[in-house]
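The values are calculated or read from the model by the stated rules, or taken from the named source; none is laboratory data. On a predicted model such as this, the values are computed, not experimentally measured, just so you know. Heads up, the Cβs are rebuilt from the backbone with ideal geometry, glycines too, and the neighbour counts pull from every protein chain shown.
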Amino acid sequence: MRFRSRVSHRQQKLLQSGRRLTLIVAAAGIVALVWIVGRVQEPGSGSNLANPATAIRTAAVVGGLQSDEIQVVPQQSGPVDPAAVIDRAGAAAFEAGADSGSINSSEDAPATLTRDVRDDVLGVLASESASLFGTFKLAQKVFPEKFRQMPPLSYPVVMTAPEACRGKPFLIRGKLRRLTAAPLPATANSWGIRSAWDAWISTPDSGNQLVHVLALSFDASLPVTEATAKAAPEVELGGYFFKREGYAARGKTGTGELALTPLFLTDRIRTIPIVTVVSRDEELERWFTWGAGLLGLSVIMIFAAFSYSDKHFLGTRAHQLAVQSARPEFENVVAVTVQESLAAMEENARQNADPSLLPQSLQAPNSR
């Protein structure tokens with residue numbers, strides 16, 4: 001008995017192909033979306049400054065001098081009282097001249113503040129205390145509003161010609177490498193100076209050398225630490241060049257050596273806010289990236305909608321009416337008995353066989 005079905009499998013094949021295509025496109029879209037999001041969220045901007053300091057922290061120095069540490073030494077042996085070398089009359093005259101505006105035509109420090117400064121000695125000498133504190137007071141008057149108007153620092157110039165640059169203001173910008181509390185003599189209170197901070201800054205033209213800065217204050221966002229390493233914040237300040245100072249460095253071998261660095265005095269160390277500059281190409285790339293991502297997401301949503309619609313249509317009455325049911329047909333089927341089938345087979349064999357090869361019992365009467 002044979003059965004013949006008139007059911008068409010074309011719709012099922014199309015549905016299966018559609019599902020496969022949907023899965024392939026969805027996988028490709030997900031991979032593209034992950035790549036796009038990764039490209040868009042690349043760290044291109046943001047501040048690299050440390051969190052605002054909630055308390056002043058200083059690290060204790062163990063052992064001898066560090067690689068960027070200074071030492072205040074007296075000019076002669078034996079204890080020296082810094083108060084004895086301060087010219088109070090000259091300081092009062094300087095204060096009066098600064099208040100009256102006698103130095104408004106030029107922001108350079110007067111010669112009375114720079115004549116006693118010596119270069120190429122370790123630290124700040126006791127005889128330079130009056131010059132040190134007087135320059136601090138001058139920096140407090142000049143730099144708060146005018147520090148960005150000062151000429152930019154040239155590291156090679158101040159190192160090769162310290163006498164010509166002494167007492168001149170400069171605009172210094174660079175990375176803060178170290179910030180710690182600086183020791184002050186007891187006579188600093190007589191100048192109205194309560195605290196000072198010791199900072200070391202690397203500038204764009206200083207190479208592997210550092211610039212030494214003594215500051216009266218700093219922004220709260222700057223970290224007080226021995227070393228900022230790679231997270232060094234960008235800072236700016238207006239500073240008076242005080243001297244070419246000698247200090248005890250650790251050296252390449254770690255055994256210690258003497259080195260020189262420029263020393264600047266400033267009223268405040270300020271942070272530089274990071275401004276992200278986006279070029280037109282980067283802006284267009286961002287728009288194209290987001291556009292490609294939205295287009296890929298739209299294609300995925302369209303294929304998902306088609307797949308959901310096809311799956312929902314399979315369970316509806318309209319789909320059952322549109323699909324032909326499989327049923328058997330018996331129009332050309334002939335039913336015969338076993339005996340009739342055997343007789344027909346025997347007759348067919350007799351007609352097609354050679355009569356001489358048949359046994360005597362099966363040969364026809366006319367063949368004898």
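In this structure, is Glu347 modelled with pLDDT of 80 or more and over 26 Å from Val31 (Cα atoms)? Considered against the rule, which asks whether it is modelled with pLDDT of 80 or more and over 26 Å from Val31 (Cα atoms), Glu347 comes out as yes.
For Leu222, the conditions (1) aliphatic (A, V, I, L, M); (2) more than 30 Å from Lys141 (Cβ to Cβ); (3) not in a strand (DSSP E or B) all hold with the exception of (2).
For region 206-219, how many residues are part of a loop (DSSP other than H, G, I, E, B) and at negative phi? Talk me through it step by step, then tell me what you get.
Taking region 206-219 as the starting set, the residues that turn out to be part of a loop (DSSP other than H, G, I, E, B) are 206-210, 216-217, 219.
If we keep only those that are at negative phi too, we end up with 206, 208-210, 216-217, 219.
Residues in region 206-219 being part of a loop (DSSP other than H, G, I, E, B) and at negative phi: 7 in total.
Residues of region 222-243 include at least one that is basic (Lys, Arg), assigned by TED's automatic domain parsing to the domain that holds Ser154 and over 25 Å from the mean Cα position of the chain (by Cα). Restricting attention to region 155-205, the residues that are in a loop (DSSP other than H, G, I, E, B), surrounded by 18 or more Cβ atoms within 10 Å (Cβ to Cβ) and of a type in the set (Ser, Thr, Tyr) add up to 1.
When you look at Pro152, is it buried (at least 16 other Cβ atoms within 10 Å of the Cβ) and assigned by TED's automatic domain parsing to the domain that holds Thr261, yes or no? It is false that Pro152 is buried (at least 16 other Cβ atoms within 10 Å of the Cβ) and assigned by TED's automatic domain parsing to the domain that holds Thr261.
Only a single item in (1) touching a strand residue (DSSP E or B) at 6+ places or on another chain (Cβ under 8 Å); (2) within 18 Å of Leu260 (Cβ to Cβ) is not met by Arg173, and it is number (2).
Restricting to region 284-326, name every residue that is touching a helix residue (DSSP H, G or I) at 6+ places or on another chain (Cβ under 9 Å) and not in a helix (DSSP H, G or I). Listed by number, the list holds a single entry, Val323.
Can you confirm whether region 230-238 contains a residue that is outside any strand (DSSP E or B), buried (at least 17 other Cβ atoms within 10 Å of the Cβ) and in contact with a Gly (Cβ under 7 Å, 6 or more places away or on another chain)? So far as region 230-238 goes, no, none of its residues is outside any strand (DSSP E or B), buried (at least 17 other Cβ atoms within 10 Å of the Cβ) and in contact with a Gly (Cβ under 7 Å, 6 or more places away or on another chain). Among residues of region 112-125 that are within 16 Å of Tyr247 (Cβ to Cβ) and touching a residue at least 40 places away in the same chain (Cβ under 8 Å), those with a Cβ under 6 angstrom from a residue that is in a loop (DSSP other than H, G, I, E, B) and not small (Gly, Ala, Ser), sequence gap 6+ or separate chain, pair up as Leu122/Gln71; Leu122/Val73; Gly123/Ile70; Gly123/Gln71; Gly123/Val72; Gly123/Val73; Val124/Val72; Leu125/Gln75. If the condition is being in contact (Cβ under 8 Å) with a residue 24 or more places away in the chain and charged (D, E, K, R), then region 191-239 contributes Asp198, Asp205, Asp219, Glu226, Glu234, Glu236.
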